[in-house]
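Before any comments, here is the structure.
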Amino acid sequence: MQEETGGLLDVSVGQLGSAVLGAVFWITIAAFMHPNAYGYLSWLFSIGMFVSILCLLGLEKTVIVFREKEGILPAAVLISSLSSLLAALVLWRTVHWAAGASVVGFSLFSLSFHRELAEKNYTRCKWLWLGSKLLSIALGLVLYALLGEVAYILLGFAVAHLLFSLSVLRSFRPATGGIGREEAVFAAGALGSNTVSGATQFADKIVIGLTFGMPVLAVYHLAYRMFVLLSVVSQIFFFYLLPRKSRGERTQRAERLAIILSAALSLSVFASAPVFVPRLFPEFSEGARACQLAGLAVLPSTLSGIALSGLYGRKRSGSAFLAQLLGFVAGIAGMLTLGSVYGIPGISSFILITQTVTAASSLLALHQPPISPVRRRLLSGLAVMIVLSVPAVALAHLYGERLEISGNVLTETRLAMDTYVTITAIHENVALAREAIDAAFREILRIEDLMSEFSSGSEVYALNRGSGEWVPLSPETVFVLERARHYSEISGGCFDVTVKPLVDLWMVRTRETGREPSPGELENVKSLVGWQNIILTENAGRLARSGMMVTLGGIAKGYAVDRAGAVLLSRGVENFLVNIGGDILAMGTKRGEPWRVGIQDPRRPGRLLETISIENAAVATSGDYERFFFLGGRRIHHIIDPRTGYPADRLMSVTVIAPGCLDADALSTAVFVMGPEDGRELIDNLGLRALLLTPAGERIEVRWTQSVRPAQHPGATATRTTRRISGSD
């Protein structure tokens, strides 16, 4: 009894202490490190952790369950070392050398820790957890202070974990025995289980970010981090129970304690989340219900940990893998289904569904007799099919074409220009409408190929790397650059496509250094910004200063919308809506009624500020809520004021309605940078409509109405619409 209590106490101290140290470290560096660098470090760390799990090949649990077999540990050390070194080389070439180094350290440390766990050396496990965490933090921060890049923090982590792995490396020696067929089968099942467990930690964020958007992901992530914090109870008892269950020892007392603690945590979080979430995280008040669901998931998480330790202890890793796989698949399906209906609470159901299905499946498997070899092969084949089909279905959902047909209304969604593009067309001839939509998508991709700043074959890419020399440009690229210069002129330089060096400084360089740009750095980069230095002819262009770069992110999407609209009109489709990431052109009507367009609430993710009705008009919104982070209480986002070098902060959202989308796109960005007074005057002088929202929540309306019906058709094509506006400026 005393040994059982002492072992459980050691595991608890080790896990809780490690979790607290980790939380303090990540919270502390968040206070002084630039969020881009913080996110980059977290990304590299996550890659290193996940790949190290795969490189273990399930051998860490094999060492525990088959601890008595001679040669099992040396074989596991040799295989894991080779696989982690190979993975490190791949990551060094494809991701970052620091991620590769961390794989070696993390994987060997895991073997060292599981070796001690196999012998029930709970006290040594405790000091391995605490010692490696303390040394990682200290060494990482020292290297960062000396060398100035966040990658060296991860190097410190890798070295610290490697130092605490010396004991397992010293144990390596040639030995008879090793890994036989039974151990290999068990390891394969454990590897599958580890893979699903790792995918569960990352796949939900990827799917949510791509499907529902980053603001929704931010709210979900709050709930997920709460679950991770509370599920340390499940981890404590899993690590404590696994070596005991592999020995066939009785563990009912510990299991009852785990269930009682988890139930108390679940109920307390469910009851308190509606109170403390809005108070502590006012920006994420919608996360209260999500946190309630995350709290409820703690109990099934503990139940699954108990059941999985029992399955591993009985050498049934395949059953553990299947149980976790079922939970993961059910969670993804529930997220996509319920998320589209119930929003953030539906999305957060992923946590509860995954843990509940895993717990139910593993408990059911635990109380079933071992399956026959024939049924095992059938289930293994089914598992492989599921493993292969889940990514395929997810990719099809995220990147594939989605076509909906309701009578004579066709709606198709595809991915282009780094966002979702939706085109709705209404025509009695469904086949003609489908061909027109397909042609419109081809036109959007053609524009992207011309004007992408990232594609090496685009004209903008060539212009940015022209070193001041003349670069051949198509008439369309020249036209868009001319329109950009026009809006730079009438906005007093607030709209400036040469702002790219400043955007890169805030969004790229700071990720590597971990700090806000200094005034000197800002002044140096600002010297590369100036729309007057874009020199154009009818078929060529150059940037007058070496190092200058342009980004057409604030105007090219609008132009692509206009061109897609022109293609639809040329194909005989007069009633349609084109939406490229929120830049919208609505022509004609939808079954006799104006098109309904929602305007995003900039401070409540997933909520609409209001809905407007438009015909034969374009609408575009710029805001500080799509790509942002907080630094010292200040909201930092990607819309940079070329005059100051800092993110614009006098407005939080601008919606502009114009006859053409290029104009609405450029003006929404220009007004956002100009601020409420100058921005309102510009829109008023142009005779357009706009809704401006200040950080204090004040609405500034310029001829604003929720119903927009121009007196006449704006033109045969969207391009002509754009030119007509320029003629009236």
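Taken as a whole, region 396-413 holds no residue that is surrounded by fewer than 18 Cβ atoms within 10 Å (Cβ to Cβ) and in contact with a Gly (Cβ under 8 Å, 6 or more places away or on another chain). Taking the criterion of being small (Gly, Ala, Ser), surrounded by fewer than 24 Cβ atoms within 10 Å (Cβ to Cβ) and not in a helix (DSSP H, G or I), the only residue of region 285-331 that qualifies is SER285.
In region 121-142, is there at least one residue being in contact with a helix residue (DSSP H, G or I) (Cβ under 7 Å, 6 or more places away or on another chain) and more than 27 Å from VAL13 (Cα to Cα)? No, every residue in region 121-142 fails to be in contact with a helix residue (DSSP H, G or I) (Cβ under 7 Å, 6 or more places away or on another chain) and more than 27 Å from VAL13 (Cα to Cα). Residues of region 509-530 include at least one that is in contact with a helix residue (DSSP H, G or I) (Cβ under 8 Å, 6 or more places away or on another chain), of a type in the set (Val, Ile, Thr) and within 30 Å of ASN685 (Cβ to Cβ). Among the residues of region 422-438, not a single one is closer than 27 Å to LEU577 by Cβ, at pLDDT 80 or above, buried (at least 18 other Cβ atoms within 10 Å of the Cβ) and among the charged types (D, E, K, R). Of the residues making up region 447-499, those that are out of contact with any strand residue (DSSP E or B) (no Cβ under 7 Å at 6 or more places or on another chain), of a type outside the set (A, V, I, L, M, F, W, C) and within 15 Å of LEU667 (Cα to Cα) number 9.
Could we say that VAL357 is modelled with pLDDT of 90 or more, surrounded by 18 or more Cβ atoms within 10 Å (Cβ to Cβ) and not in a loop (DSSP other than H, G, I, E, B) here?
Numbers: modelled with pLDDT of 90 or more: yes; surrounded by 18 or more Cβ atoms within 10 Å (Cβ to Cβ): yes; not in a loop (DSSP other than H, G, I, E, B): yes.
Here the answer is yes, as VAL357 does meet what is asked.
Could you go through region 260-281 and let me know if any residue there is out of contact with any Pro (no Cβ under 7 Å at 6 or more places or on another chain), in a loop (DSSP other than H, G, I, E, B), modelled with pLDDT under 80 and over 24 Å from GLY331 (Cα atoms). Scanning region 260-281 turns up at least one residue that is out of contact with any Pro (no Cβ under 7 Å at 6 or more places or on another chain), in a loop (DSSP other than H, G, I, E, B), modelled with pLDDT under 80 and over 24 Å from GLY331 (Cα atoms). Taking interchain pairs and intrachain pairs at least six residues apart, which have beta carbon atoms under 7 angstrom, with the first residue in region 578-601 and modelled with pLDDT under 95 and the second of a type in the set (A, V, I, L, M) and surrounded by fewer than 16 Cβ atoms within 10 Å (Cβ to Cβ)? Listed pairs, sorted by first residue: GLY598/LEU608; ILE599/LEU608; GLN600/LEU608; ASP601/LEU608.
Residues that are part of a strand (DSSP E or B), of a type outside the set (Asp, Glu) and at pLDDT below 90 do occur in region 391-402, at least one of them. Considering region 672-705, the residues that are assigned to a helix (DSSP H, G or I) and free of Cβ contacts under 8 Å to residues at least 24 places away in the same chain include one that is farthest from the chain's Cα centre (by Cα), namely ASN685.
The values are calculated or read from the model by the stated rules, or taken from the named source; none is laboratory data. Everything numeric here is computed off the predicted structure, so don't read it as measured data. Note that each Cβ is placed from the backbone with ideal geometry, even for glycine, and that neighbours are counted across all protein chains shown.
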